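This report concerns only the one structure given below.
Here, each number is a calculation from the coordinates, and none is a lab measurement. Note that this is a predicted model, so its numbers are computed, not measured. We place every Cβ from the backbone using ideal geometry, glycine too, and count neighbours over all the protein chains shown.
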Amino acid sequence: MGTPATPQDSTPIDPEVTGIRTLGHANRFATWDSEFRYDGRVRVPMGVKIKEVRYSYTGNEQADVTATEVRRGQGGTGQEYEVIDLTFLDDADLITFTLRGDLNVDADPRPAGARTYRIRVDVTLDNGEIRTANPEIQVLAGAWQKSDPEKAGRPFVRLPYDNNWGGSPNSQAGFGFVTDNGRVPGDKFIIDLVNLRQGQQDVPSNNSDHVYYQLVHEDGTPSHYTPTPQLQKADGHADSGTGRKVTLPGIDLRQLGDKTGYYRFLVWPQSVNPDGTPSSLRWDEAKPEDAFQLGSVYYRYKAPRGIDTGLRATIKTRTLTATAGQDRWIYPPFVIRNTGQRAIGAVKVVFTAPDGLRFTEDRVAFTRWEDEQHEVVAPGVLSADHRTLTCPAVPLDLVPSGPGRDAWVSVYPAMEVEATAPAGRAPVGIQLGDPVFATAQDTVEISPGD
């Protein structure tokens, strides 16, 4: 058998189960507005609550600032979080929250024009588990001069914070805004358009006088209020004054016939060249990824009950070394742990091999955490070329993992390395379930034979 190297964990697709599902966040702003806004949801074991929420203040991926819990709908200006909703499923609870606070990510990103930070969010549960998300934010340069590269000095909209733009109870109350009757007052959505090139002679993108905006549901469908991105006139300016803001009128989502749920308030800043043509530096309203998220609304929010409550697992993998044509078989190990809320019983397991590797037995051996010296065998079927091994019912019988409980099963198919195996890295794959709920790959590093 080859020598194992550093283990690697595969990552389940659904972040809500083992991490945090990001509903929305303040994704893009200038260095002037270093603020954090984040809306998320976690699925937890029944009865488990949030104990603590922390996030990264400087974007160094270390959760070093603690947020204080405040009442739902308070809309404060400190380092705070609110639990918006608690939904009970048959086998789990869903906790939806909003988080806000200061950041210090205002280093000048010139000459690149923008800098990307990953802001780590840690949610500690009262059962000891820590859930993590790493939303990315793009921080734009807050200064510009003619000698700067082309992408510096793109138009932007301010991210309202504290009381600088007025509003009730503050300027930032439009992010994580809670409405149980569907009404959003007229001082919640604030647009302040900045163009650092505004009024400069003979330079591209030197005039901004409008934006596009849209309210979009969590499922991707727009509000009836904005079936398409809507044009809004605004006075572009190059200074940091807040007197040219535009506040959108109040809306009633219930009266509009909108469905309940979570909505993102998105804005696309626009600019034109000296000849009046649209600038390539504008933000394209046809591209969702170009939007600035300036706010969010929880309208009579209940987390969707249709969330997939299926099986979940992580699979720890290893890297093995082998030589083409060697006499010894190799046994790539896959260590499986149940990270869901339901027990995993007997499941279909499919192993796949690339050219140069082949399975030698129509079965797979495995050991369990209770007695790792006792080997069990599950039958399977080999494909004609011996590059696929399908085991229709491997009795994993794994209970959900949790603090103080480390239940695992290690499965390891027998393989040989053909004499014609090409040198290099060869992946051996595993799939669990039908439908598949977890996948991973071991790596075999093959050296040339004699």
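List of remarks:
- Take every pair of alpha-carbon atoms less than 8 Å apart whose residues are at least six positions apart; their mean separation over the length of the chain yields a relative contact order of 15 percent.
- ASP450 versus THR420: modelled label distance in nm, points set 7 Å from Cα along the beta carbon direction: 2.3 nm
- For LYS302, the residues whose modelled amide H falls within less than 5 Å of its own, excluding neighbours fewer than 5 places apart on the same chain, are GLY261.
- Charge dipole (debye, nearest 20) of the chain; +1 at Cβ of Lys and Arg, -1 at Cβ of Asp and Glu: 1000 debye
- Taking θ as phi - 60° and the Karplus parameters 6.51, -1.76 and 1.60, the scalar couplings of segment 364-377 work out to 10, 9, 8, 10, 10, 4, 5, 8, 6, 8, 8, 9, 10, 10 Hz in sequence order, x denoting glycine and proline.
- Put a dot 7 Å past the Cα of GLN373, heading toward its Cβ, do the same for ARG183, and the two dots end up 7.3 nm apart.
- Residue separation of GLN145 and GLU61 scaled by 0.36 nm, minus their Cα-Cα distance, works out to 27.1 nm of gained length.
- Label-point separation, GLN201 to VAL436 (7 Å along Cα→Cβ), nm: 6.3 nm
- Gyration tensor over alpha-carbon atoms, the chain, equivalent ellipsoid semi-axes in Å: 50, 28, 19
- Short-range pairs are left out: with C-alpha atoms under 8 Å and at least six residues apart, the relative contact order of segment 134-228 is 21 percent.
- Potential extension, ASP108-LYS51 segment - 0.36 nm per residue separation minus Cα distance: 16.9 nm
- Nearest-0.05 FRET efficiency for ARG328 and ASP290, computed from C-beta distance (R0 60 Å): 0.60
- Antiparallel beta bridges, as assigned by DSSP with both residues in segment 310-447, represent about 90 percent of the total such bridges.
- Rule-of-thumb Rg ratio for segment 48-189 [Cα; 2.2 N^0.38 Å; N residues]: 1.24
- Computed lengthening from THR116 to LEU231, 0.36 nm per intervening residue step minus Cα-Cα distance: 38.6 nm
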